[in-house]
Amino acid sequence: MIYTVATTPFDDQKPGTSGLRKKVRIFQQPHYAENFVQSVFDSLDGFAGQTLVVGGDGRYLNRDVIQIVLKMAAANGFGRALVGQGGILSTPAASHLIRASGAFGGLVLSASHNPGGPDEDFGIKYNIGNGGPAPEKVTDAIAARSLVIDSYKILDAADVDIDTIGESQLGDMTVQVVDPVAAYADLMESLFDFAAIRAQIAGSVTLAFDSMSAVTGPYAVEIFERRLGAPQGTVMNGTPLPDFGHHHPDPNLVHAKELYDRMMAPDAPDFGAASDGDGDRNLIIGRHCYVTPSDSLAVLAANAHLAPGYAAGLKGIARSMPTSGAADRVAKKLGVPLYETPTGWKFFGNLLDAGMATICGEESAGTGSDHVREKDGIWAVLLWLNILAVRQQSVAAIMADHWATYGRNYYARHDYEAIAKDKADALMAALRGKLATLAGTASSGGTVKAADDFAYTDPTDQSVSRNQGVRILFTDGSRVVFRLSGTGTEGATLRVYIERYVGPDGDLGLETGDALAPLIAAAQEVADISGHIGMEQPSVIT
Ligand code: G6P
Ligand code: ZN
């Protein structure tokens, strides 16, 4: 029996950089998740009888919201739902499943790298039929609908068994519970030379992969330990837990410290990596050699042709605006276009669909390609392993060679977390207010060449996204970028991205902090960070 339940709107359901993310207790308000899911369905056209993919990263509330989504999908007229067994689907695996099954779209339940548990975060993201995050016109429609919604439809039925692979009926909709790992692992095997990687692992190369008690555990065990033969225990924290073992499943130098310390120890493995809550981010650390996400993108793009899936070369490279320009130099050498997009993977979707770009990446530890429409943590690790297997060099040697060829983009991101939203807005407004006066001024960072608020015109559909971050560009190619995070759930987070380029003949062996010190001082001067928000130091440096 289908119920139409009367409801009233919530005024905080506008999706952010990557879907709707809120504290679990916000999602636990009566009708909250239902309102959002109905707002999604109300914003879509033509899904009657079609397939919806449903899965998440296993965090607290995942199983409950999956039941709600299934009952609402059935009540709203979907014909079939594909659910990952146990409610598990990594974000890239969900993207692949949507594409491979010809689904209408998918709901991915995750707050990505944000912590999980009763007092932490939950999220719902809608992906369209190409497997990628909904573009802004869809998320804007969802936001608008959420403000006027007055009812939702839900089936009155017993919970679906999502733990047993197979089919069942939910009203008129068929629910198919699928193995969340197998098809994704097969896709990886089709792109990379597993035999070469396996031979290298059987030889002397040692690995460590930290799943951070999040969704990639079962994927990593299957791929690295079973298919590639790495010893048992290569995958650390490999069981997905609803609260990620009280950890923050964000693969950066602060939250993946266990891995970092291991990779810096005298007996470190050759190659270390980690992924985030929902499996789309990656952190790469060679033996005694941390690789920034921006550099990782550049190295992967420069060497991708060494893997079978990319042997034909790249059509183009895309990076988000705050990501360093390291990939730009690779694109130039390869003679392929480089696209600079706003932050958010959704902006890459059109370029990938149009065949304009093959590899994309972001400073926020996301890299991926046209194999799916999300960034993909395990994919990035496998491409690195494939490159190592072909080049037979260490990560440190590959980095040294890369910088000697292209020069080095020293880079860091300073995050000021959980600051008051009005103060963060005031800081950005003050910065925007003086953009026109900055060109030509000198500071400790050098002379300002230009300053602007980044705007992007999508080359495939000419849609324009404005106010995507303040850029201060210096005459020597250095850069400071300011923007507010679109993914936080507590107050505001100011991100300051600092970059300095040194050519192949320059000093390539500086400590990043030393290389960037004058620019860090310039960022403080121009934005008066401490004056506005009262913090002398960032909460996190990555
Ligand atoms: C998510 C998105 C990314 C984005 C990142 C940082 O992970 O999928 O595309 O780069 O958030 O977003 P933020 O707005 O917090 O800087
Ligand atoms: Zn993520």
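Quick notes on this one:
- Scanning region 295-317 turns up no residue that is part of a strand (DSSP E or B), within 16 Å of ligand 2 (Cβ to nearest atom) and not acidic (Asp, Glu).
- Taken over region 432-452, the criterion of being polar (S, T, N, Q) and assigned to a strand (DSSP E or B) is satisfied by 443, 447.
- Elements of type helices (runs of 4 or more DSSP H) in region 124-229, at least 2 residues being within 30 Å of residue 11 (Cα to Cα) and among the charged types (D, E, K, R): 136-146
- Test for residue 129: is it surrounded by fewer than 24 Cβ atoms within 10 Å (Cβ to Cβ) and within 30 Å of residue 254 (Cβ to Cβ): no
- Figure legend. Inter-residue proximity from region 368-385: first residues charged (D, E, K, R), second residues away from ligand 1 (no atom under 15 Å from the Cβ), beta-carbon distance below 7 Å, spacing 6+ or different chains. Indicated pairs: 370/358; 373/130.
- Of the residues 460, 489, the single one that is farther than 21 Å from residue 294 by Cβ, at pLDDT below 95, under 28 Å from the mean Cα position of the chain (by Cα) and among the β-branched types (Val, Ile, Thr) is 489.
- When residues in region 165-207 are screened for being farther than 30 Å from residue 312 by Cα, among the small types (Gly, Ala, Ser) and under 28 Å from the mean Cα position of the chain (by Cα), 0 of them pass.
- Matching residues, region 132-150, being farther than 21 Å from residue 374 by Cα and surrounded by fewer than 16 Cβ atoms within 10 Å (Cβ to Cβ): 144, 147, 148, 150
- Answer residue from region 108-123, given it is part of a strand (DSSP E or B) and not charged (D, E, K, R) and is farthest from residue 375 (Cα to Cα) among those: 122
- Just so you know, in region 361-400 the residues that are among the basic types (Lys, Arg) and within 16 Å of ligand 1 (Cβ to nearest atom) include one that is nearest to residue 485 (Cα to Cα), and it is 375.
- Residue in region 348-360 that is at pLDDT below 95, within 16 Å of ligand 1 (Cβ to nearest atom), buried (at least 19 other Cβ atoms within 10 Å of the Cβ) and of a type outside the set (Asp, Glu) present: yes
- The test for being in the same structural domain as residue 251 (by TED's automatic domain parsing), closer than 25 Å to residue 253 by Cα and aliphatic (A, V, I, L, M) holds for residue 302.
- Residue in region 444-460 that is within 23 Å of residue 15 (Cβ to Cβ), within 16 Å of ligand 1 (Cβ to nearest atom) and of a type in the set (S, T, N, Q) present: no
- Of all the numbered requirements in (1) buried (at least 24 other Cβ atoms within 10 Å of the Cβ); (2) within 16 Å of ligand 1 (Cβ to nearest atom), residue 240 misses one, and that requirement is (2).
- Count of region 58-83 residues which are in a loop (DSSP other than H, G, I, E, B), more than 16 Å from ligand 1 (Cβ to nearest atom) and surrounded by 18 or more Cβ atoms within 10 Å (Cβ to Cβ): 4
- Inter-residue pairs, beta-carbon under 8 Å, first without any contact (Cβ under 8 Å) to a residue 12 or more places away in the chain and in region 305-334, second part of a helix (DSSP H, G or I), 6+ apart: 311/305; 312/305
- Number of positions in region 42-57 that are surrounded by 23 or more Cβ atoms within 10 Å (Cβ to Cβ) and in contact with a Phe, Trp or Tyr (Cβ under 8 Å, 6 or more places away or on another chain): 2
- Which listed residue is part of a strand (DSSP E or B) and at pLDDT 95 or above, from 429, 412, 396: 412
- Taken over region 318-338, residues that are assigned to a strand (DSSP E or B), buried (at least 24 other Cβ atoms within 10 Å of the Cβ) and of a type in the set (A, V, I, L, M) amount to 1.
- Among residues of region 1-26, those that are assigned to a strand (DSSP E or B) and of a type in the set (S, T, N, Q), counted: 1
- On inspection, residue 457 passes the criterion of being out of contact with any helix residue (DSSP H, G or I) (no Cβ under 6 Å at 6 or more places or on another chain) and free of Cβ contacts under 8 Å to residues at least 12 places away in the same chain.
- Members of region 282-294 found to be among the β-branched types (Val, Ile, Thr) and in a strand (DSSP E or B), listed by number: 284, 285, 291
- Tally of residues being surrounded by 13 or more Cβ atoms within 10 Å (Cβ to Cβ) and on the phi > 0 side of the Ramachandran plot across region 419-466: 1
- The number of residues in region 205-246 that are without any contact (Cβ under 8 Å) to a residue 40 or more places away in the chain and among the small types (Gly, Ala, Ser) comes to 7.
The values are calculated or read from the model by the stated rules, or taken from the named source; none is laboratory data. None of these values were measured; they are calculated from a predicted model. Because the Cβ atoms are built from the backbone with ideal geometry, glycine has one as well, and the counts that use them run over all protein chains shown.
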